[in-house]
Amino acid sequence: MKRPLSLKAKHVAELFPSALFNFDATLYKPDHFPSADSEWQPGIRWQTVLWQRQRLGCKFENQGTVDRPKITLSIWSKEKLDRQFVTGLVDEITYRYNLQLDLTDFNRRFENDPQMEPIVDRWRGMRPLNYSSLYEYALGTTASSSPSSCRTQP
């Protein structure tokens with residue numbers, strides 16, 4: 001077993017997702033290919049990240065509300081990171097977690113639908129996301145499928 005990596009340098013960034021944004025429903029998806037490299041509790045998500053060959057530890061903390069979202073992102077690294085590196089990582093996280101997704105049309109379309117209204121109310125501000133790469137997503141999907149569902153029919 002490898003020894004844990006000591007990450008001593010800490011960098012902090014503030015993220016401002018577009019409203020409406022549901023922190024917990026977006027960042028915690030327990031049935032979405034769970035792995036041992038992340039942890040969650042209400043309002044906080046810890047995640048390991050490999051970015052530009054740098055091993056990092058990230059902590060996302062909810063500092064806002066659904067209507068006024070704000071996330072504090074703490075990034076731990078072995079050594080101090082330059083501003084360009086951190087900016088690139090923040091841009092990638094913003095993209096992968098869909099932090100700027102505009103849900104206005106979706107909410108308007110389904111807010112008064114009798115079947116969808118309870119779901120929209122409960123998950124208000126939840127974003128679809130895939131913080132893994134397409135390769136990781138495809139690998140996870142294939143691994144979680146039964147062999148018979150992966151076969152093509154003649």
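Yes or no: segment 114-128 includes at least one residue that is out of contact with any Ser or Thr (no Cβ under 9 Å at 6 or more places or on another chain), modelled with pLDDT under 90, part of a strand (DSSP E or B) and of a type outside the set (S, T, N, Q). No: zero hits.
Scanning segment 11-28 for residues that are in contact with a Pro (Cβ under 8 Å, 6 or more places away or on another chain) and small (Gly, Ala, Ser) yields SER18, ALA19. Among residues of segment 32-61 that are at positive phi, those with a Cβ under 7 angstrom from a residue that is modelled with pLDDT under 80 and open to solvent by less than 90 Å² (accessible area, probe 1.4 Å), sequence gap 6+ or separate chain, pair up as PHE33/GLY140; PHE33/SER144.
For segment 62-113, the candidate set comprises residues that are touching a residue at least 40 places away in the same chain (Cβ under 8 Å) and acidic (Asp, Glu); within that set, the residue that is least open to solvent (accessible area, probe 1.4 Å) is GLU92. Condition first: assigned to a loop (DSSP other than H, G, I, E, B) and at pLDDT 90 or above. Now tell me which residues in segment 32-52 satisfy that. Residues satisfying the conditions are PRO42, GLY43, GLN52.
The residue pairs whose first member lies in segment 5-31 and is among the basic types (Lys, Arg) and in a loop (DSSP other than H, G, I, E, B), whose second member is at pLDDT below 95 and open to solvent by 30 Å² or more (accessible area, probe 1.4 Å), and whose beta carbons are closer than 9 Å, counting only pairs six or more residues apart or on different chains, are LYS8/TRP76; LYS8/LYS78; LYS8/GLU79.
The values are calculated or read from the model by the stated rules, or taken from the named source; none is laboratory data. Quick caveat, the model's predicted, so the values are computed rather than measured. Neighbour counts are summed over all protein chains in view; Cβ atoms, including those assigned to glycine, are modelled from backbone coordinates with ideal geometry. Note: areas computed on protein heavy atoms with side chains; ligands, DNA, RNA excluded. Shrake-Rupley method; radii C 1.70, N 1.55, O 1.52, S 1.80 Å.
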